[in-house]
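This report refers to the structure that appears directly beneath it.
Every number in this text was worked out from the coordinates using simple rules, so none of it is lab data. Note that the structure is predicted; figures quoted are calculated from it, not measured. Quick reminder, even Gly has a Cβ in these numbers, built from the backbone with ideal geometry, and neighbours come from all protein chains shown.
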Amino acid sequence: MEMKELIAEINALAKKKREEGLTEAEQKRQKELYAIYLKGFREQVRERLDNVDVTYPDGTVKSLKDAMKKK
C-alpha cells in the first residue's frame, strides 16, 4: 500500500471515529494502519540519518552512524 493511500484510509477512519464511532473491526484496522505508517516513517528517518555526514573542525568527515559509536 502506498503512503498516500495509507494516509487517506487513516484519515477516513479518524473522521468516522469523530463523527459516529468505529466498530471493533474498524478500530483494529485503524491500529494496524497506524503501525504500518509508523514503521514506514521510522524507516524513512533511519535512511535519512544514514546518509548524514558529520564534519569535524579538523576537516575529517565521518558518517553519522560512525560518529555516534561509543569510543
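Values computed for the structure shown
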quantity	calculated
Relative contact order of the chain, defined on C-alpha pairs under 8 angstrom at six or more residues apart (%)	21 percent
0 to 90° range, to nearest 10: angle between helix 3-19 axis and the chain longest Cα axis	50 degrees
Counted charge near R42, where neighbours are those whose Cβ lies closer than 13 Å (Asp, Glu -1; Lys, Arg +1)	0
Segment 4-68 - charge dipole about Cα centre, Lys and Arg +1 at Cβ, Asp and Glu -1, debye rounded to 20	240 debye
log10 of Debye I(q)/I(0), alpha-carbon scatterers only, for segment 3-68 at 0.11, 0.18, 0.20, 0.22 Å⁻¹	-0.46, -0.71, -0.79, -0.88
